[in-house]
1. I'd like to check one number: the per residue accessible area of the chain, probe 1.4 Å, reported in Å² as a whole number.
2. Whole-Hz ³J(HN,Hα) for each residue in the range 259-268, computed from phi via Karplus 6.51 cos²θ - 1.76 cosθ + 1.60 with θ = phi - 60°, x for glycine and proline: what do you get?
3. May I ask what percent, to the nearest 5, of DSSP beta bridges between residues of the chain are antiparallel?
4. For the range 28-229, what % of the accessible area comes from carbon and sulfur atoms, probe 1.4 Å?
5. At 0.36 nm per residue, and after removing the present C-alpha to C-alpha distance, how many nm does the segment from residue 221 to residue 422 gain when stretched out fully?
6. Where in the chain is the longest stretch that carries no GluC sites (Glu not before Pro) classed as loop by DSSP and with at most 14 other Cβ atoms within 10 Å?
7. Roughly how many whole Å is it from the C-alpha centroid of the range 124-197 to that of the range 83-116?
8. State the extension gain, in nm to one decimal, for the chain segment bounded by residue 238 and residue 79, taking 0.36 nm per residue of separation less the distance between their alpha-carbons.
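The values are calculated or read from the model by the stated rules, or taken from the named source; none is laboratory data. Here the structure is a predicted model, which means the values were calculated and not measured. Positions of Cβ are generated from backbone atoms using ideal geometry, with glycine treated the same way; all protein chains shown enter the neighbour counts. For the accessible areas, the whole protein counts, side chains as well, though only heavy atoms, and no ligand, DNA or RNA atoms are used. Shrake-Rupley method; radii C 1.70, N 1.55, O 1.52, S 1.80 Å.
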Amino acid sequence: MSGHGSPIPMTSRPCGPLKGEAHVPGDKSISHRSLILGALCVGETHITGLLEGEDVLDTAKAMRAFGATVTDHGGGEWTVQGVGVGGFAEPDQVIDCGNSGTGVRLIMGAAATCPITVTYTGDASLNGRPMGRVTDPLTLFGTQSFGREGGRLPMTVVGAAEPIPARYEVPVPSAQVKSAVLLAGLNAPGQTIVIEKEATRDHTERMLQGFGAELSVEDTDEGRVITLTGQPELTPQSIVVPRDPSSAAFPVCAAIITPGSDVLVPNIGLNPTRAGLFTTLQEMGADLTYENMREEGGEPVADLRAKFSPDLKGIAVPPARAASMIDEYPVLSVVAAFASGVTDMQGVKELRVKESDRIDAMAKGLRAAGVSVDEGDDWWKVHGLGHGNVPGGATVASQLDHRIAMAFMVMGMATQKPMSVDDGSPIATSFPIFEWLMGNLGAQLVRTNG
Ligand code: S3P
């Protein structure tokens with residue numbers, strides 16, 4: 001779990017062209033869901049391409065604690081022998097989800113309608129994040145929760161012995177909240193209805209359908225109305241996890257800002273609820289193309305080719321696109337520093353409650369590197385300096401946030417002076433091969449504590 005080991009200070013030095021292929025790991029969202037849904041089937045689910053990052057490994061551990069048999073066969077191949085919907089056993093230990101908001105929120109949902117009591121905890125970052133957004137709707141099913149002030153972990157959740165189905169309008173654009181309610185609805189008799197005003201990543205809906213649940217989605221004036229019929233018998237699946245667009249973002253953005261680069265990032269899942277960054281980069285004038293577009297496992301997939309793009313322009317990113325690129329704003333703000341003009345990012349309040357307050361963490365680091373940033377509660381603007389003009393030369397606090405650490409390592413590839421982070425250890429939560437992969441492309445990343 002990140003934050004429990006020693007910090008790993010890291011430095012990224014300006015480097016020559018990045019060249020070659022970047023095979024990024026499996027999708028984090030789909031990896032968590034594969035393990036959890038596998039645990040909710042009777043029979044064996046087979047998974048290939050699982051992301052073996054700390055976040056997902058913590059979810060695997062949790063599924064074992066609930067009684068599922070989760071086996072690592074090596075090379076990203078895993079099997080899960082599930083216990084069936086409603087079959088979670090009461091764990092005899094605290095469930096520690098490490099750094100993972102997705103892990104803890106989805107698991108809380110899945111366990112909420114089982115007659116068991118579960119205590120959850122995490123690292124310093126996770127224990128500071130709001131859980132009321134999940135435990136509030138779970139009370140509709142009959143669940144009770146007892147956490148720290150402000151709905152923080154550690155927290156004990158008493159599952160509903162006789163759950164009732166819920167109808168819930170999600171007040172913030174959050175796939176984690178939507179998914180927690182849907183997973184709780186699995187073990188409630190009758191129909192659970194979730195309404196979201198803005199579409200967020202839809203992996204839970206797609207995968208529940210794939211596992212055989214009766215689930216429909218309707219676009220109405222109220223928003224996206226998702227109706228799930230409870231207490232289905234889920235059927236084990238064979239899942240090929242696509243590669244993560246949120247991880248692909250780092251080599252793609254690194255190639256765009258680093259002179260002479262030409263990088264191919266193959267087999268990237270391009271579900272429209274996840275691909276907003278790539279559209280935004282193209283609008284900024286990035287040389288980014290999709291090759292070999294195809295469909296795999298019901299998801300659009302392509303190989304991304306990113307080349308150095310010297311004439312990037314700042315743009316206003318449409319707020320309606322925010323949910324489809326919410327994890328990519330840190331690295332987008334780095335690209336924005338190398339563009340000419342202002343990049344204006346509105347409607348992004350959710351960035352303040354991620355693994356860190358990402359507007360604050362990025363603004364501090366960008367300013368320390370000589371880039372001007374304006375910010376408000378739910379918006380920020382980066383004043384780009386244009387290619388070749390970004391000073392760098394700063395050491396930034398990564399605040400236990402993998403994406404902050406990786407964003408500044410990407411930045412250091414094209415600044416005038418190197419960029420450092422105080423702790424790169426959180427990178428292992430989602431992208432354990434980051435240093436190796438970027439090094440293979442030609443980046444100069446070093447651990448600075450020997
Ligand atoms: C995720 C949803 C998003 C995202 C996170 C993964 C998911 O969080 O930031 O990295 O897999 O459902 P929110 O639901 O808080 O927006």
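1. 34 Å²
2. Those phi angles translate into x, x, 6, 8, 10, 9, 10, x, 6, 9 Hz.
3. Around 75 percent antiparallel, to the nearest 5.
4. In the range 28-229, the share of accessible area belonging to carbon and sulfur is 48 percent.
5. 67.6 nm
6. That gives 234-450 as the longest site-free run.
7. First find each Cα centre; the distance between them is then 12 Å.
8. 56.3 nm
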